[in-house]
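Data block below; observations after.
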Amino acid sequence: MAWYEDAVFYHMYPIGMTGAPRENREEGVVHRFEELDKWIPHMKELGCTALYIGPLFESSSHGYDTRDYRLTDRRLGDNEDFIQFVTLCHQAGIRVVVDGVFNHTGREFFAFRDIQEKREHSPYCGWYKGVNFGWDSPFHDGFGYEAWQGHYELPCLNLQNPEVKQYLFDVIRFWVDEFDIDGIRLDCANILDFNFMKEMRTKTASMKPDFWLMGEVIHGDYSRWVNPEMLHSVTNYELHKSIYSGFNDHNFFEIAHNVRRLEAIGRQLYTFLDNHDEDRIASKLKVKEHLYPVYTCLMTLPGIPSIYYGGEWGTEGKRTSTCDDDLRPCIPAEKIPQLNCELTDFISRLGKIHEENEELHNGKYQELLLTNRQYAYARWGNNSLIITALNNDDNETILNIPVPIQAQTAVDLLNSDDETGEDKVLPVQNGRLEIKLKGNWGAVLKIKGEN
């Protein structure tokens, strides 16, 4: 099994979490990676075995307007700082995945500046889409070009140009050789050239064993991107939407329908509750107590789960039409002990359960019980099951769940016995399991088949 198949990810937006200035006007290097190093024990405590961190490389503002792909952003540190960070992560058993912002660059990238200076005589005119000296850009460059979603600070690279492709493949090789990264999250993968991504899959497969390619895809048929020729995974925005909507509307059918529809590739998808572009799940949920069963869904449904920094404390935040800062707050590492709470401990328990039970890594999904407010499903192992039971009602309920394997008992891994403090053991009788769940709660049950 490849490392990413049983991974639990932590997600860092480093410019925000370290309190770095939003505009890169630093004259020298500021060593903020020393702050990020302190988060590694916390990630380990949560049960995370992988990290998606980005954007990381020298940029002008938010990190996605790249100036230099080979330099760590000076607001965070230098290349030696990032090398040290990756080394510490690897020593803690945590793989490291970085942002690959290949759809566009910033206007301060060397190739774009060469076009500004030399105009038609620049050898880089073919590096960007739609370069046209017959019209002007909003920045009055004296030429026009295609920009990402009309944001002219982000000129689009021409990924069909062999020189551009080779340059970017050399960048990836540099990242592997210099920093020892374990994978790339492709920004804007939904609009990247498919042939470019296919070539990237071939190139990176020879750079490092089990090198992981994950793409940012919001809409569409995910199997177009996730297949043996292209990417290993994409962001599962469909499940993200159905989870918060299903809980807010007391409609577990929406979640179950989505999981069934995606079952063919669902176990490979990158699942999340919030990220650096989405309102915090704690701000989206109408009932805050739903955070507990929502995280239970994240850790037990098919997919590769990810926790966005701050989510483990129920941090709230909403984006505005002009600003994402509330989604990307500064959180000093020394505050972690003060912020840790019941939800943090709960997520840590789920992380341990995910790590210790192979059924949750790549196990087949089976729906067992479904109503608007109650939901139970199984993940299959080798003659074993993990059954997750969920209640999104405010009131206590009793679920009677069919058990599709010959067994006598089920162990509740999430809820300990009130008297002994040990895992609860529940009987399986006549192929069914009865469990009482308090309001807005869940259970994760381990069932071993009889030999």
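The values are calculated or read from the model by the stated rules, or taken from the named source; none is laboratory data. Quick caveat: nothing in here was measured; it's all calculated off a predicted structure. Backbone-built Cβ (ideal geometry, glycine too); neighbour counts: all protein chains shown. Keep in mind that these areas ignore ligands, DNA and RNA; they rest on the heavy atoms of the full protein, side chains included. Shrake-Rupley method; radii C 1.70, N 1.55, O 1.52, S 1.80 Å.
On alpha-carbon atoms, Rg over Rh for the stretch 265-423 using Kirkwood Rh? Write down the numbers at each step before the final one.
Numbers: Rg = 17.2 Å, Rh = 17.4 Å.
Result: Rg/Rh = 0.99.
Could you give the accessible area per residue of the stretch 263-375, probe 1.4 Å, as a whole number in Å²?
On the way: 4360 Å² over 113 residues.
Accessible area per residue, the stretch 263-375: 39 Å².
Taking Cα atoms, how many degrees apart are the long axis of helix 237-248 and the longest axis of the chain, rounded to 10 and kept between 0 and 90?
The helix 237-248 is inclined about 50 degrees to the chain.
Summing -39500 (n - 2.57) over the DSSP H runs of n ≥ 4 in the chain and dividing by its residue number, what mean residue ellipticity at 222 nm do you reach, to the nearest 500 deg cm²/dmol?
-8000 deg cm²/dmol
For the stretch 1-40, divide the Cα radius of gyration by the Kirkwood radius and give the resulting Rg/Rh value with two decimals. Kindly include the intermediate steps, with their values, before the conclusion.
Working: Rg = 14.5 Å, Rh = 12.6 Å.
That ratio is 1.15, to two decimals.
For the stretch 338-451, state the average projected area of the convex hull of the C-alpha atoms over all orientations, rounded to one decimal in nm².
That works out to 8.2 nm².
Leaving out ligands, DNA and RNA, and with a 1.4 Å probe, what % of the accessible surface on the stretch 1-78 is carbon or sulfur?
Here carbon and sulfur together make up 47 percent of the probe-accessible area.
In degrees, nearest 10, range 0 to 90: what is the angle between the Cα axis of helix 194-205 and the longest Cα principal axis of the chain?
Compared with the principal axis, the helix lies near 80 degrees.
Counting only Cα, what are the radius of gyration and maximum Cα-Cα distance Dmax of the stretch 78-130, in Å?
Here Rg and the maximum Cα pair distance are 17.5, 51 Å.
Could you work out what % of the accessible surface of the stretch 212-363 is carbon and sulfur, using a 1.4 angstrom probe and leaving DNA, RNA and ligands out of the count?
49 percent
Where only protein heavy atoms count, and the probe is 1.4 Å, what is the accessible area per residue for the stretch 167-242 in Å²?
About 36 Å² of surface per residue is accessible.
Quick check on packing: order 34-44, 322-332 by the mean number of other C-beta atoms within 10 Å, highest mean leading.
Order by mean packing, descending: 34-44, 322-332.
Tally Lys and Arg at +1 and Asp and Glu at -1 over the other residues with C-beta under 12 Å from the C-beta of Asp177: what net charge comes out?
That works out to 0.
In degrees between 0 and 90, to the nearest 10, how far off the longest principal axis of the chain does helix 291-300 point, with axes built from Cα atoms?
80 degrees
With both partners inside the chain, how many of the DSSP beta bridges are antiparallel, as a percent to the nearest 5?
If we restrict to bridges inside the chain, about 60 percent are antiparallel.
Highest mean first, how do 87-99, 178-190 rank when packing is the count of other Cβ atoms within 10 Å averaged over residues?
Details: 87-99: 18.0, 178-190: 21.1.
Ranked from most to least packed, the peptides come out as 178-190, 87-99.
Compactness ratio of the chain: Cα Rg over 2.2 N^0.38 Å, N = residue count?
Cα-based Rg divided by the globular estimate yields 1.04.
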